[in-house]
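Q: Before I ask anything, let me first share the structure, which is written out below as structure tokens.
The values are calculated or read from the model by the stated rules, or taken from the named source; none is laboratory data. No experiment lies behind these values; they were computed from the predicted model shown. Here the Cβ is made from the backbone with ideal geometry for all residues, glycine too, and neighbour counts use every protein chain on show.
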Amino acid sequence: MPIIKLENVGFSYKDYDGRVIEALKNLSLEIEAGLFVAVLGRNGSGKSTFAKLLNALLVPTEGKVYVKGYDTTDPDGLFDIRKSVGMVFQNPDNQMVASIVEDDIAFGPENIGVPREEIKTRVDWALKTVGMEEYRNAAPFKMSGGQKQRVAIAGILAIKPDVVIFDESTSMLDPAGRNEVMAVIKRLVKEEGITVIFITHDMNEAVEADRIIVLDGGAAVMDGAPREIFKDEGLDAYGLKLPTVSYIAKRLKEGGMPVDGPVMTPDALAEELCRLL
Ligand SMILES: Nc1ncnc2c1ncn2[C@@H]1O[C@H](COP(=O)(O)OP(=O)(O)O)[C@@H](O)[C@H]1O
Ligand SMILES: [Mg+2]
């Protein structure tokens, strides 16, 4: 059974003048547990709305969203859905609730009534998983953006979610911070079996995913493995670019080098160049 399932989902906002804004339309898809799924699309394409539907912050105005088999409009499933689907946002400064790292991470499990001993175990595990053990007693305001995001992720992990959604959570970070957070995300998928939904503007990050869903005008316009998505046909139309490595490969091909297939990682490009030279 897929962990997330959308059936003909539509979502409309009403703005101040009562005008209806259709943010998502007729979206049907399934997401299998344990995958790393990237969601791409230009500003306003419906990515954040999609994210909010997945932990019942919003419920669809048309169609159905199911999480772990629960219809998100079913009040009986709400607590379980909120526990199962955690969300990491864009601004690392807006996600801290306590002045000491370990208190911040313990906040979530305390709120849902996890016993004290168990909280301690979870905080230890969460700190280790994001590589922040040494910062247990540190004050978040002194840390880098990447470190703050890792603490935010630890806070979500302490609730023991099945799914973690990242809504442009790397966009305010410097390259080092992005790399730290990407490394943690990959570990969540590989070592903890967590399903990751990763919303980003960065094609170089999206390349790392198992699957990419492209939204445009509230509809899913592309859906597939990075190799298929980055074949460079029609990407422009959705405001997307090629990942850097694929772009270099493409230019080499245009310059007459017979580079084979869509190349997406620096290692693959290096290998391909060695083969050709
Ligand atoms: N609270 C809101 N009220 C009215 N319109 C909204 C609201 N939030 C988003 N929208 C509109 O819904 C559409 C999709 O927005 P959003 O899901 O935030 O897209 P993205 O995250 O891809 O930028 C946009 O046209 C946006 O202006
Ligand atoms: Mg958004």
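Q: Kindly list the number of the only condition in (1) within 20 Å of the chain's Cα centre (by Cα); (2) farther than 22 Å from residue 79 by Cβ; (3) small (Gly, Ala, Ser) that fails for residue 138.
A: (1)
Q: Let me ask another. If you go through the range 72-87 one residue at a time, do you hit one that is assigned to a helix (DSSP H, G or I), away from ligand 1 (no atom under 16 Å from the Cβ), within 15 Å of the chain's Cα centre (by Cα) and at pLDDT 95 or above?
A: Looking for residues that are assigned to a helix (DSSP H, G or I), away from ligand 1 (no atom under 16 Å from the Cβ), within 15 Å of the chain's Cα centre (by Cα) and at pLDDT 95 or above, one finds at least one in the range 72-87, hence yes.
Q: Something else about it: Can you tell me which residue within the range 110-135, out of those that are part of a loop (DSSP other than H, G, I, E, B) and over 21 Å from residue 175 (Cα atoms), is farthest from the chain's Cα centre (by Cα)?
A: 115
Q: What helices (runs of 4 or more DSSP H) lie completely within the range 149-242 and have 1 or more residues being within 16 Å of ligand 1 (Cβ to nearest atom) and of a type outside the set (S, T, N, Q)?
A: Once the helices (runs of 4 or more DSSP H) in the range 149-242 are filtered for at least 1 residues that are within 16 Å of ligand 1 (Cβ to nearest atom) and of a type outside the set (S, T, N, Q), what remains is 203-206.
Q: Moving on to the next point. Tell me which of these residue 251 doesn't satisfy, since it passes every other one: (1) touching a residue at least 12 places away in the same chain (Cβ under 8 Å); (2) in the same structural domain as residue 277 (by TED's automatic domain parsing).
A: For residue 251, the failing item is (1).
Q: Continuing with this model, one more query. With without any contact (Cβ under 8 Å) to a residue 24 or more places away in the chain and of a type outside the set (A, V, I, L, M) as the only criterion, which of 218, 261, 256 stands out?
A: Answer to the selection: 256.
Q: Only one residue in 177, 256 is over 24 Å from residue 93 (Cβ atoms) and either more than 16 Å from ligand 2 (Cβ to nearest atom) or of a type in the set (Lys, Arg) (or both). Which one?
A: 256 is the lone residue from the list that is over 24 Å from residue 93 (Cβ atoms) and either more than 16 Å from ligand 2 (Cβ to nearest atom) or of a type in the set (Lys, Arg) (or both).
Q: Let me ask something else about it. If I ask for residues that are touching a residue at least 40 places away in the same chain (Cβ under 8 Å), within 13 Å of residue 6 (Cα to Cα) and buried (at least 17 other Cβ atoms within 10 Å of the Cβ), which ones from the range 50-89 would you list?
A: 50, 51, 53, 54, 55, 60, 63, 65, 66, 67, 68
Q: Also, quick follow-up: Which one of the conditions (1) over 20 Å from residue 222 (Cβ atoms); (2) assigned to a loop (DSSP other than H, G, I, E, B); (3) of a type outside the set (Asp, Glu) does residue 43 fail to meet, given that it meets all the rest?
A: (1)
Q: Give me the pairs: first residue in the range 24-43 and among the β-branched types (Val, Ile, Thr), second residue surrounded by fewer than 20 Cβ atoms within 10 Å (Cβ to Cβ) and not in a strand (DSSP E or B), beta-carbon distance under 9 Å, and six or more apart or on different chains, which are they?
A: Hits for this filter: 31/2; 37/210.
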